[in-house]
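Working notes, structure below.
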Amino acid sequence: MAEHNHTGKWGEQLACQWLESNGFTILHRNWRQGRDEIDIVAREGGFLVVVEVKTRSSARWGDPELAVGPAKQRNLMRAAGELLHQTPGNLELRFDLISITRTAKGPEVFHIPDAFYPTL
């Protein structure tokens with residue numbers, strides 16, 4: 001497995017731990033619909049939370065959250081539409097981002113609730 005894949009898996013595991021320690025319930029990891037994938041699907045209260053995780057091994061290439069552009073957002077929204085159809089209950093949908101950067105002092109986790117909103 002390539003190093004960036006190891007970094008990504010490590011980041012997703014750390015993100016799950018962070019979410020659970022902050023009251024989220026993890027429902028799915030790497031949920032797929034066709035070509036689209038949602039890193040983490042969680043529940044927080046009345047919200048179904050689609051979580052995109054971006055991890056960097058250093059800050060050299062900038063903040064990880066900047067890598068979630070309009071195309072990635074459209075893919076997540078498309079997958080989330082199908083996810084809503086398959087999920088029982090009357091939950092509101094929310095898109096969060098977790099940015100993780102390895103630093104000399106350990107991983108830096110940055111959670112952005114409502115990172116972006118679906119558009120028509």
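The values are calculated or read from the model by the stated rules, or taken from the named source; none is laboratory data. Keep in mind it's a predicted model, so treat the numbers as computed, not measured. Methodologically, a virtual Cβ is constructed for each residue, glycine included, from the backbone with ideal geometry; neighbour enumeration extends over all protein chains shown.
Points worth noting:
- Yes/no for residue 29 being at pLDDT 95 or above and charged (D, E, K, R): yes
- Exactly one residue out of 48, 19 is of a type outside the set (Lys, Arg), part of a helix (DSSP H, G or I) and modelled with pLDDT of 90 or more, and it is 19.
- Residues (at pLDDT below 90 and part of a strand (DSSP E or B)) located in region 55-100: 55, 56
- Residue match in region 101-120 (condition: without any contact (Cβ under 8 Å) to a residue 12 or more places away in the chain and surrounded by 10 or more Cβ atoms within 10 Å (Cβ to Cβ)): yes
- In region 15-30, the residue that is surrounded by the most Cβ atoms within 10 Å (Cβ to Cβ) out of those that are within 23 Å of residue 86 (Cα to Cα) and among the aliphatic types (A, V, I, L, M) is 19.
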